[in-house]
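Inspection log for the structure reproduced underneath, given as structure tokens.
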Amino acid sequence: MEDEKSMEAAQVEDIELIGVVFQDEVSYRLRFPFHQMVSPNEYVLEMGYCYNISSFYCPNTSYWFGDFILLQSSIDSALIERITNHSEVMKTMGLRDAAFWLSWGLLYGVYILILSCALAFLLKHFYFHLSNISTLFVLFFLYGISSICFCFMMSALLKKPKITALVVILFSLCFEFLSITTTFKILPSALELIFHIFCTFAFGAGLLKILYFQKCGQSFSLSDIMAESFTLFLLFDIVLYMLLTFYFDKIVPDKYGLPYPPLFFLKKNYWFKSRKPDTSDVPTNEQSRGNIFSENIEPVPPEFDGKEAIRLNDIKKTYKVQNTKMGALRGLSLDIYEGQITAILGHSGAGKTTLLNILGGFCKPTDGSATIFEYNIAERKDMEQIRQFSAVCPQFNIQFECLTVKENLKIFAILKGIPFSDIENEVEKMETLLDISAIQNTQAKNLSGGQKRKLTLAITFLGQPQVLLIDEPTAGLF
């Protein structure tokens, strides 16, 4: 045949033909019909390109433009779930739970406000002519806010975005359908009141009530809707969902962070700060060093007595991998003293990062105990006190990609509680210390790996924390 296009046309007429394209005297390429090509999988590492033919007949092109996009979407979703530890890292910088949830609530509240105004105007203009526009706005706005709070509550309970989305959709569809029964008075009154705890049911009941008034030629005013039970329940739902959000966020264990006990709110030390941490149940290293050979321990100089800042006592951490237990830490006992720089050395997989994660409050030890200035790291309340005078620099970088270097430093300075009058000087000092003044107006997403690492270190050093936990600080700098 004269060229490959002629071969392509012949293969369309006879799909069983196999083409041979000679590149020179000793090399050639085979041209199989597109339906006989094997799609890439874990056993096929590479496939040849399709030359001079339309993308329809090219399996490679259809793979990249079709299946690969779906695969990439799944990968993106998985990555979103894996980076949820960023909120826990920000908590080490001083972020409060209430501030975290309320910030998202305010953001979505603005969206709900705009949508509620638009929906109220459109429905008033095209359908609910007899109803007051403020009545429609109140109903949609309260439902929107309660729905957002319901999503927050489920995300705090379930922790997985995909599962949360599925559960929220199922609940919404189920109770929206059940709200239709309020028109026919099928359900008992007591059961209807119970179902009003779910915001979709209350919203459906309210919308049907307005629709009923419209059909009867009666107006539904703002005073009418404020006197209805579904309006009161929507307000009640907002408060209930937010309280449950804070509660579930504290007690439901996650991959990162330490959970509170279920009845934490009944303990006195949760509501009132104790003057001195209770470490009566935390053994000292001297009580458990009988199994350690004295010749392997360097004697502690007398001037360090009583200056223990961090105390580790028989710390163990075990992970379960494919039904087998892997020990990352196997009984580590160590004292780290105030005013000293202590480096933890070891090969990859020795447990250095695991130890720093335990000290930073990202995970709980399997066994053993540890204290930082007599605060027990295994207690969530004590860890919150520790985070007021400590800072953690993890292996990965911490920054908001859309903000500049200076804006990132200012945001984290506010989170750390630095007075507003001192923020500018503190930011300039960190920029000079880490030599990032020249890039202070550059967005974080445009920084190199080394520059991002410098920014993360600058964020960690803000406020001159009393205890610094740094994991591979020079990674990417040299």
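What follows is calculated from the coordinates using simple rules that are stated; it is not laboratory data. Since the model is a prediction, treat every value here as computed from it, not as a measurement. Glycine also receives a Cβ, built like all others from the backbone with ideal geometry; neighbour counts cover every protein chain displayed.
Checking the table K160/K352; K160/K255; K325/K364; K406/K452 against a 18 Å threshold on Cα-Cα, which pairs fail? Kindly include the intermediate steps, with their values, before the conclusion.
Values: K160/K352 28 Å; K160/K255 11 Å; K325/K364 16 Å; K406/K452 12 Å.
Cα-Cα > 18 Å for K160/K352; rest within.
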Original post:
With each label point set 7 Å from Cα along the Cα-Cβ vector, what nm distance links Q443 and R96?
Top reply: 3.2
**OP:** May I ask you to evaluate 6.51 cos²θ - 1.76 cosθ + 1.60, the Karplus curve with θ = phi - 60°, for each residue of the stretch 420-437 and list the ³J(HN,Hα) values in order in whole Hz, giving x for glycine and proline?
**Re:** 4, 5, 9, 4, 4, 5, 5, 5, 4, 5, 5, 5, 6, 4, 9, 6, 10, 5
Original post:
Given Cα pairs under 8 Å that are at least 6 residues apart, what percent is the relative contact order of the stretch 155-276?
Top reply: 25
**OP:** Express the relative contact order of the stretch 97-220 as a whole percentage, based on alpha carbon pairs under 8 Å and six or more residues apart in sequence.
**Re:** 29
**OP:** Order by neighbour count: V12, V392, V168, fewest other Cβ atoms within 10 Å first, most last.
**Re:** V12, V168, V392
Original post:
Over the stretch 134-207, what is the relative contact order in whole percent, taking alpha-carbon pairs under 8 Å and six or more residues apart?
Top reply: 39
Original post:
Points 7 angstrom from Cα along the Cβ direction at K320 and Q218: gap in nanometres?
Top reply: 6.0
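For an R0 of 22 angstrom, estimate the FRET efficiency from the Cβ-Cβ distance between E401 and K162 and round to the nearest 0.05. Write down the numbers at each step before the final one.
Numbers: r = 23 Å, r/R0 = 1.06.
FRET efficiency, E401 to K162: 0.40.
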**OP:** Neighbouring Cβ atoms within 10 Å as the yardstick, rank C393, C363 fewest first.
**Re:** C363, C393
**OP:** Treat the count of other C-beta atoms within 10 Å as a stand-in for reagent exposure and order H125, H196 from fewest to most.
**Re:** H125, H196
Original post:
If you find the alpha carbon centre of the stretch 193-261 and of the stretch 143-163, how far apart are they in angstrom?
Top reply: 13
Original post:
Based on the Cβ-Cβ distance of H125 and K429, what FRET efficiency does E = 1/(1 + (r/R0)^6) give at R0 = 60 Å, to the nearest 0.05?
Top reply: 0.55
Subject >> Under 17 Å from the Cα of K267 - lysines, other chains or at least 8 residues apart >> reply: K250, K276, K381
